Structures are given as C-alpha cells and as structure tokens.
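Working notes, structure below.
A short reminder: the numbers here are calculations on the coordinates, not readings from a lab. Bear in mind the structure is a predicted one, so any value in this text is a computation, not a measurement. Cβ sites come from the backbone with ideal geometry, for glycine too, and all protein chains shown count toward neighbours.
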Amino acid sequence: MSQAGEDPQHSGGQADGIRGVTRGRAPVPLSVLDLVNVGQGYTARDALAASTRQAALTDARGFTRYWVAEHHSMPGVASSSPAVILAHLASHTGRVRLGSGGVMLPNHAPLVIAEQFGTLEALAPGRIDLGLGRAPGTDGATAAALRRTDRLREGAEDFPQQLAELIRFLDDDFPDGHRYARIHAVPGPVQAEGDRARAAAHRPPVWLLGSSGFSAQLAGQLGLPFAFAHHFSAANTLPALELYRETFRPSAVLDEPYALIGASALAADSEEEAHRQVLTGALSMLRLRTGRPGLIPTPEEAEMHPFSPVERDFVDGWLGNVTYGTPDAVREGLDALVKRTGADELMLTANAHSPEARIRSLELIADAYGLPRAEAPAGD
C-alpha cells in the first residue's frame, strides 16, 4: 500500500484527453457505456460481436468515448474483463476514446491495472481512459472469490490509498526509499527514451466513478474528472454533483470540474416499441435485485410477466429514470436532463434484450442530434 501522506494528485492526464467535443445539435458531448448485455437466445459471443459493432458505430458518428463496465457472476452481462474487451475494440476503432466504466479498483492489485492500461495505451495511444470504482461490481461472495479474501477493502481509508498507489505506478514516480521505488509498470514511463515526466503526462487519464457522495468528494479534492451513475442512482445525482463542484480543487489534470453522468436511454421507431425494449431491462434488474439474476428476458416474456404490486412499483420506478420513446422524445428528455444537472457530458447506456435494439437506438439518437456520418477507420 501507499505510504501515509502520499498525494494521488500526481496525475498526468491531459485536459484535452478528458473534455469531450460537442458535435451536431447535442447540448454536450455524447458517449456510450456498454454492459455487454446477453439476452435470452443469444450467447456471450453474440454480445461481444454486438459490442464491436456498437463501438464502430460510435467511432463513425462522433461520440466522444466508449466505456465498458466491470461486472462478475451475472449471466446477463459479459463484461467481466474490460481490459480484454477494450484491446479488441481498439483494433476496430480509430477515433473514439475507449475506457473502463469502470474497473473496480479493490478487486485488483494496482500494479496489474497500471500494466493493463499501459498496454492499452500502447495499443491505442491517446485514446484510453481509466475509470475507477470502489464497489465490487458483484455480490460479496463473488468479490471474496475475486480477491482471495473475505475482507473487502473499499472503505474511506483503503480506496484513496489504493488510488494513490495506482497513480504512482502509472506515473512511475514512487519516491526514493519507498518499497516500490524500483518496481515499474510496463508498458509505462520507465521505457521513455526522453523525459519520463513528459511520458507520464500522456498516460491514460484517471476518472473516479460513483453513485454516492464518497467518490464525488474524493474526485473534487484531487481535481480529477468525475462520472456519476445517474442511470441507477438518480436520487443522488444532484447532491453528488454539487458536492463534487463544491470540493473541487484545480490540479495538474483539470483547472475546473468536469462531470459526466451515465443516463439510461433507448430510442425506437415508435413509443410502443421503445417501451417493449426497456421493459426487458427493467424485468432483468428486478430479478437481479431480488437475487435471481439471469439472461435479459425477451420482450414477449417481459410483457407476459405477472408483476405483483410490489414488483410493478419497482419497475415503474426504474422506468421513470429511463429516457425512452421516439428519437425526438429521447432528445428532448436528454436535453432536459443536461439542463437539470449541468452535466458536462452524457454517457448513454441501454439495458435491453437484443443487440439490434441497442444499436438501432444509438443510430436514431445520433440522427436526432445530427451527429456526423463518417466511415470509422480500423486501427492498426
């Protein structure tokens, strides 16, 4: 672990690698969060192939970034290994930033994350983001199996120390006398032929992710960009963003706050079809929250499900935080969300049964905002 008193603000991410570009008629830069959903009748191979298509679409239409989340032991999600998926996506995209939304830091040794994302940066220079969360991304038993310990270290003391250690590895700047001073994350700045500090300044920028005030305050204190999970913690969005902005201290990374929010959004050619698709995600989440995780159900199963009054209340509440409908309705809803929160960037996610529905939704939203059309070049 990092020694007491180490300052995680030793960060080299460049501001122009953080702030997105607003395109078309969008109020802020638009990005995508991919859970790599697996629906009934589909396989993980199908889901990953769809993610490749989706990433290529975001690349071609001018979305700012494409992030992959880390989840474990969930049949309806195939994103247990973000770094592996991102390496694949790097070879199928040429412009869009690729990142983790996020890597759950307590699940991994900081050196391992620094090596993985140093490798990704070498594969796709200037296009990698490192988003970090402190939740396990799964249940407690699975977290214990991942970490080989029953002590889950994600508290107020452990997480900042883990973060400080990770950033030291990314920057290759442990002080003399530190027990890790002679350990180098490779690929990394130690391999730079010129100025090592300059090399560190071009490593992946670190983002803090959160669904409460803890990471919001920490990101503000460290002057790091912040991503809030509005898509599943809407009640905390405004308090967390306010806390982030109030506690923000300018750093070598950012001179002013930069807050991204994740937003559930799905557009379809009709309101009825959009509702059919988002209901599958709502039923899937209901099953997850009640200890019955599984593949994303089909629209037909979701429509026929005999919801109890309690279940109906949950589903209605969940759908109340999803922006769905025709493209124009979704655009209006997202515009209102930006105005209400003051978010600097929107990251769209859709929890629906079929890959076709998710890809069609992105196409419709891109068209609704007049995002540019271009053939996405393949990477090297």
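Per-structure values
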read-out: Three-way shape call for region 327-371 based on the alpha-carbon gyration tensor, with the a/c threshold at 1.5; value: prolate
read-out: DSSP bridge orientation in the chain - percent antiparallel, rounded to nearest 5; value: 5 percent
read-out: Unit Cα scatterers, Debye sum, region 248-380: log10 I(q)/I(0) for q = 0.15 Å⁻¹; value: -0.81
read-out: Segments 84-96, 251-263, 53-65 sorted - mean Cβ within 10 Å per residue, highest first; value: 53-65, 251-263, 84-96
read-out: Nitroxide proxy distance, nm - points 7 Å out along Cα→Cβ at L319 and H92; value: 3.1 nm
read-out: Ranked packing of 68-78, 239-249, most packed first, by mean Cβ within 10 Å; value: 68-78, 239-249
read-out: Approximate spin-label separation S81-V190, in nm, with each point projected 7 Å along Cα-to-Cβ; value: 2.5 nm
read-out: Region 256-335 and region 203-226: distance between their alpha carbon centers, rounded to Å; value: 27 Å
read-out: Rounded to whole Hz, the Karplus (6.51, -1.76, 1.60) HN-Hα couplings of region 312-317, x for glycine and proline; value: 5, 4, 4, 5, 4, x
read-out: Rounded if a/c under 1.5, otherwise prolate or oblate - region 188-282, Cα gyration tensor axes; value: oblate
read-out: Principal-axis tilt of helix 355-368 within the chain, Cα atoms, nearest 10 degrees; value: 80 degrees
read-out: V21-L111 pseudo-label distance in nm [points 7 Å out on the Cα-to-Cβ vector]; value: 3.9 nm
read-out: Distant-in-sequence amide H partners of Q40 (H built 1.01 Å from N, under 5 Å); value: I296, T298
read-out: Cut-off under 5 Å, modelled amide H: who pairs with G102 long-range; value: E70
read-out: Nearest 10 degrees, 0 to 90: helix 44-61 Cα axis against the chain principal axis; value: 80 degrees
read-out: Among A240, T298, T323 the positive-end extreme of the charge dipole of region 238-342 (Cβ point charges); value: A240
read-out: Dipole magnitude of region 280-380, debye to nearest 20 (Cβ charges: Lys/Arg +1, Asp/Glu -1, about Cα centre); value: 340 debye
read-out: Selection from A282, H108, S215, by position along the positive dipole direction of the chain (Cβ); value: H108
read-out: The chain: angle of helix 213-222 to the longest principal axis, Cα-based, in degrees nearest 10; value: 40 degrees
read-out: Cβ charges +1 (Lys, Arg) and -1 (Asp, Glu), total dipole of the chain, debye; value: 340 debye
